[in-house]
Amino acid sequence: MIWANNSLYRHGRFARVFGLVSVGFGIITFSHTVQVWIWAIAFLGMGVISDMNSSLYFALATYSTVGYGDLTLGPGTRIFGTFAGVSGVLSLGVSTAMLVAMLSRFLAKEPKDIPQGSEDQEKP
């Protein structure tokens, strides 16, 4: 009976941890998407890229530091593109650190409701 309670507790804990990590991942993904759109609108607003599709493509490639090089900025606006790349590196790094910290915190906790060593005790 103790094993059944322990198994149910672990299953419920897994579902909670999975749910919280999924929500955290969704929020982080949404925030990165918003940042890429902000950079794309800024590039479009400055007039350095002519259409929204190319602007989004350039913003995402720069933000993720892939930087294919098929679209480039002029000499006066290159530093602005560099800021987009730096902000992407920093944002992705902070997001990764937050997810790792969240996972390590959730997975390191021991079940508090189950007495330690109760599975090994003999039944009367």
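The values are calculated or read from the model by the stated rules, or taken from the named source; none is laboratory data. What you are looking at is a predicted structure, and each value in this text was computed from that prediction instead of being measured. All Cβ positions, glycine included, derive from the backbone under ideal geometry; neighbour counts span all protein chains shown. With ligands, DNA and RNA removed, areas are computed over all heavy atoms of the protein, side chains included. Shrake-Rupley method; radii C 1.70, N 1.55, O 1.52, S 1.80 Å.
The selection criterion, being modelled with pLDDT of 85 or more and surrounded by 15 or more Cβ atoms within 10 Å (Cβ to Cβ), does not hold for residue 38.
Restricting the search to the stretch 64-104, which residues are in a helix (DSSP H, G or I), among the hydroxyl-bearing types (Ser, Thr, Tyr) and open to solvent by 50 Å² or more (accessible area, probe 1.4 Å)? Within the stretch 64-104, 82, 96, 104 meet the criteria.
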